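Below is one structure, written out as structure tokens; the observations come after it.
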Amino acid sequence: MNVATPFAWQITLLVALAGGVAILWLWKRNRGLAPRTILRTLTTLRSMLLVMLVAVLLNPYCTQRTPDPEAYTVAVLADASASMLATDLDGASRLDFVADEMRADSTDNLRARLAGQHPLEVYAFAGNVSAPIDHIELQSGRAAIGKALEHLHERHTARGMELGAVLLLSDGVTEGTPSPIRAAQRYREHGIPIHVLGVGDPTETGDVSIRFVQREHRGTRDEGLPLELELQNTFAEERALELELAEDGETIERREVTLAAGETRRTGFEVTPRRGGFRSYRARIASSRYLGSPGSNTDYASALIEESAFHRVLYLGTPQWEYRFLRILIEEEEQFQMQAWLRTAPERIVRRGFNDDEDTAAQDDFPDDPSTLQDYDTIIVDARIMGDLDTATHNALRDFVSIGGGGLLLWGPTPEDDSAFAPLLPVRGGTAVSERQRRSLNPVPGPLLREEDHEVYTRGPALFLAEDATAYLPERLSRGARSALETRDENPLFTYQAYGAGRVAYQGSEHFWRWRMESSTGTEQHRRFWLSALAWLSESRKPRLETPIQGRVQALDEPAQLGVRLLDSAFRPRADARVRARITEPDGTVRQRLLFPKFGDPGTFEAELDLIRPGEYRVEYEAAFPDGETLRAEAFFNTTATGELIDTSMREQLLRDIARLSGGTYYPWTEASRLREVAISQEVPIVEANIHWARSFPFAALLAGMAIAEWFLRRRFGLR
């Protein structure tokens, strides 16, 4: 300790001796005038006052050496790569833990505690190092700890700012060059310690994965299709899982599975495709515990489903003659089966064609469950019961056609233009007419009435509309609609069109059954006509909104191609629509993308999506046409489990080596709440400050307090 007294030492010594003599004289003089305890207390106080007075005269001081806060910084380097999404911290993700500890708006986290001790800058890194930030979020690219450390050192060297220390928050999962070990050695050469907070549970090492044994299948509609899966658990303990299988985005089965430690098992599902064409299947596993890499928890398979020769028809309406004769026809044909919900009285609805018990059982209402309707290929609706169908049934019928690819036939009076059913139909408006004499009808060859049957339809007696039979003639046809039957003056009586993924037809008369009553030729005409119409309605068509990304496994380091192929109602390329995509990421984040037409490829719309987060993505497409028609489709894709996502287990030994080789300290994540400061480099410039403690306010306050106490005791006992 040094002194900085402005007086000669002789004066200070003289003051000390005089003070000591005065204290002894007062002791002897006051002896017997006050209790001995009080005299001792007074003597002690006077002695301490003398010592403090001498200290004031000597003015002692000590020199404090502290790092210059203007000349250095402590850098926090937070890992924000995809491996940090692993949820092995008591159910929380590593990234969430780091984000909470590095929030700038918190007063009780690791960042706040360190900022109270050092000048602090916080960076995030994955493939590259970010600028200083206030919050941590997932970064694109794969973690490269060595590259991040090198970049951080170069940045501070260029700024002329001494790097006092680095606090690395990471799970140790890293790729690329340079090596983190080599980077730590370079930091040691510069005298900069790297302290490491290991984020992750080193005991949770392993992965649970799922994959289809065969990714491409062929099957037949309404026949069982086996799908075999392989499950693997590389953890050192068992995992209880929920296995989920979905077809075209719709979950069709869930199953509980428990995998023992290190177990590999095969399990199978058997699905029965209800529609022909291309089908996509998604298998996913879920658990409340950590499952390792999120990219290996989902897999996809596809199947090309051929149409079977058997078609199911559902009739909703009244038991009128057209229905009865159509039922007779279908019962004679093996490739069709017909079931019906019939309104037989104002308050009574029964079912036909199911089984003996259900045929006589009264029903509360017509079916409105979309899953029930999807079991059929064609649905025939009697327009007279339209008022009995609620909004849910209307929506279910629309989805049955536009999404499910089914066929819909409406006969009877045409609905009003403002009806919820009207947009589905190929006709707009309508007029009821009734002729007193028979009217001949002209068949129009096309997709519905085949050219090879034309001779049957025109053979005498030709197709006709019976006398006094009411017909409903449309005012106009919708865009893309075609006619299969016309009157002699070219008024369409049977029209059809494609709608969404399915097909719709409208029959303006309910008296085709009379053909069967005319002659054997009429019976064959009735048979050919209805078999052609039902076959066309029941056939699956390729969707008008194709999503090539469905079921793909996408690499994280490449943008996802969200392009679609769009067709109009006549299945021709359509380029004048407004196409949007709504993307739901694995963490629930929603993003929007507008797709733009591709030059030189009509009907193709394209957009790209940069991928950061591993897992399954859901894309909801919407294509809006200028005429008001809207098509919707849904697709799922997953990210590839490559690189750092294959094994997300924590690399504790690597992190310990980084700290040891650089001269830093390793801390597990559980000690973050106790970490308040870190050791810094010896190369940091030092600022010296002399602290004259005898001239400080606490010292003066203590001196004054003791003087007041001595005076009070003297006055209390009448002493001088």
- Query: Scanning for something surrounded by fewer than 19 Cβ atoms within 10 Å (Cβ to Cβ), closer than 21 Å to ASP647 by Cβ, without any contact (Cβ under 8 Å) to a residue 60 or more places away in the chain and not hydroxyl-bearing (Ser, Thr, Tyr), does region 148-158 turn up at least one residue?
  - Reply: no
- Message: Suppose we filter PRO474, PRO492 for residues that are more than 49 Å from the chain's Cα centre (by Cα) and not aliphatic (A, V, I, L, M); which single one remains?
- Response: PRO492
- Just to be sure, is GLN592 in a loop (DSSP other than H, G, I, E, B) and either small (Gly, Ala, Ser) or under 22 Å from THR639 (Cβ atoms) (or both)? no
- Message: Please go through (1) under 24 Å from PHE125 (Cα atoms); (2) in contact (Cβ under 8 Å) with a residue 60 or more places away in the chain; (3) not in a strand (DSSP E or B) for ASP222 and return the number of the only condition it doesn't satisfy.
- Response: (1)
- Task: Can you tell me which residue among THR87, THR12, THR73 is assigned to a loop (DSSP other than H, G, I, E, B) and in contact with a helix residue (DSSP H, G or I) (Cβ under 9 Å, 6 or more places away or on another chain)?
- Result: THR87
- Query: Given region 347-436, what helices (runs of 4 or more DSSP H) lie entirely inside it while holding 2 or more residues that are within 30 Å of GLU247 (Cβ to Cβ)?
  - Reply: 370-373, 391-402
- Message: Can you tell me which condition CYS62 does not meet? The list is (1) in a helix (DSSP H, G or I); (2) not assigned by TED's automatic domain parsing to the domain that holds ALA672, and all the others hold.
- Response: (1)
- ASP134 passes all but one of the listed conditions (1) outside any loop (DSSP other than H, G, I, E, B); (2) surrounded by fewer than 19 Cβ atoms within 10 Å (Cβ to Cβ); (3) charged (D, E, K, R); the exception is number (1)
- Here is a list of conditions, (1) surrounded by 14 or more Cβ atoms within 10 Å (Cβ to Cβ); (2) within 30 Å of ASP377 (Cβ to Cβ), and LEU291 meets all of them except one; can you say which number that is? (2)
- Query: Looking at region 462-521, which of the residues that are in contact with a helix residue (DSSP H, G or I) (Cβ under 7 Å, 6 or more places away or on another chain) and of a type in the set (D, E, K, R) is surrounded by the most Cβ atoms within 10 Å (Cβ to Cβ)?
  - Reply: ARG503
- So which residues in region 582-612 are loosely packed, with under 15 Cβ neighbours inside 10 Å, of a type in the set (Phe, Trp, Tyr) and modelled with pLDDT of 90 or more, if there are any at all? PHE596
- Message: Among (1) more than 26 Å from ALA501 (Cα to Cα); (2) among the small types (Gly, Ala, Ser); (3) at pLDDT below 85, there is one condition ALA432 misses while meeting the rest; what is its number?
- Response: (3)
- Query: Of (1) modelled with pLDDT of 85 or more; (2) touching a helix residue (DSSP H, G or I) at 6+ places or on another chain (Cβ under 7 Å); (3) within 27 Å of ARG103 (Cα to Cα); (4) surrounded by 17 or more Cβ atoms within 10 Å (Cβ to Cβ), ALA144 satisfies all except one. Which?
  - Reply: (2)
- Check region 110-131 and report whether any residue there is buried (at least 18 other Cβ atoms within 10 Å of the Cβ), of a type in the set (Gly, Ala, Ser), assigned to a helix (DSSP H, G or I) and in contact with a Gly (Cβ under 9 Å, 6 or more places away or on another chain). no
- Task: May I ask you to list pairs of residues, at least six apart or on different chains, whose Cβ atoms are under 7 Å apart, with the first in region 105-117 being over 12 Å from ALA78 (Cβ atoms) and assigned by TED's automatic domain parsing to the domain that holds PRO132 and the second being part of a helix (DSSP H, G or I) and of a type in the set (A, V, I, L, M)?
- Result: SER106/ALA112
- Taking the stated definitions as given, is GLN139 in a loop (DSSP other than H, G, I, E, B) and not assigned by TED's automatic domain parsing to the domain that holds GLY91? no
- Please tell me if ASP201 is crowded, with 16+ Cβ neighbours inside 10 Å, acidic (Asp, Glu) and closer than 30 Å to GLU306 by Cβ. no
- Spot the failing condition for VAL579; the list is (1) in a strand (DSSP E or B); (2) among the aliphatic types (A, V, I, L, M); (3) farther than 12 Å from LEU545 by Cα, and only one is missed. (3)
- Search result, residues across region 444-461 that are free of Cβ contacts under 8 Å to residues at least 60 places away in the same chain and either outside the structural domain of PHE512 (by TED's automatic domain parsing) or touching a helix residue (DSSP H, G or I) at 6+ places or on another chain (Cβ under 7 Å) (or both): PRO445
- Looking at region 357-407, which of the residues that are acidic (Asp, Glu), modelled with pLDDT of 75 or more and over 36 Å from the mean Cα position of the chain (by Cα) is nearest to PRO426 (Cα to Cα)? ASP382
- For region 224-237, enumerate the residues that are touching a Ser or Thr at 6+ places or on another chain (Cβ under 6 Å) and surrounded by fewer than 20 Cβ atoms within 10 Å (Cβ to Cβ). GLY224, GLN232
- Task: Enumerate the pairs (first residue in region 245-265 and under 16 Å from SER371 (Cβ atoms) and in the same structural domain as ASN233 (by TED's automatic domain parsing); second residue anywhere and among the polar types (S, T, N, Q) and surrounded by 13 or more Cβ atoms within 10 Å (Cβ to Cβ)) with beta-carbon separation below 6 Å, excluding pairs fewer than 6 apart on the same chain, so at least 6 apart or on different chains.
- Result: ASP248/SER280
- For PHE269, which of the numbered conditions (1) buried (at least 19 other Cβ atoms within 10 Å of the Cβ); (2) assigned to a strand (DSSP E or B) fails to hold? (1)
- Could you check, for region 416-433, whether at least one of its residues is closer than 22 Å to GLN320 by Cα and loosely packed, with under 15 Cβ neighbours inside 10 Å? yes
- Task: State which residue is farthest from TRP669 (Cα to Cα) when the search covers only region 141-180 and only residues that are among the hydrophobic types (A, V, I, L, M, F, W, C) and more than 36 Å from the chain's Cα centre (by Cα).
- Result: ALA158
- State all residues of region 238-266 that are surrounded by 13 or more Cβ atoms within 10 Å (Cβ to Cβ) and in a loop (DSSP other than H, G, I, E, B); if no residue qualifies, say none. GLU238, ASP248, GLY249, GLY262, GLU263
- Note on the structure: If you go through LEU167, LEU197, LEU163, LEU231, the only one that is in a strand (DSSP E or B) and at pLDDT below 90 is LEU163
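The values are calculated or read from the model by the stated rules, or taken from the named source; none is laboratory data. Predicted model only: the values in this text are computed from it and were never measured. Don't worry about glycine lacking a Cβ; one is built from the backbone with ideal geometry, like all the others, and counts go over all protein chains shown.
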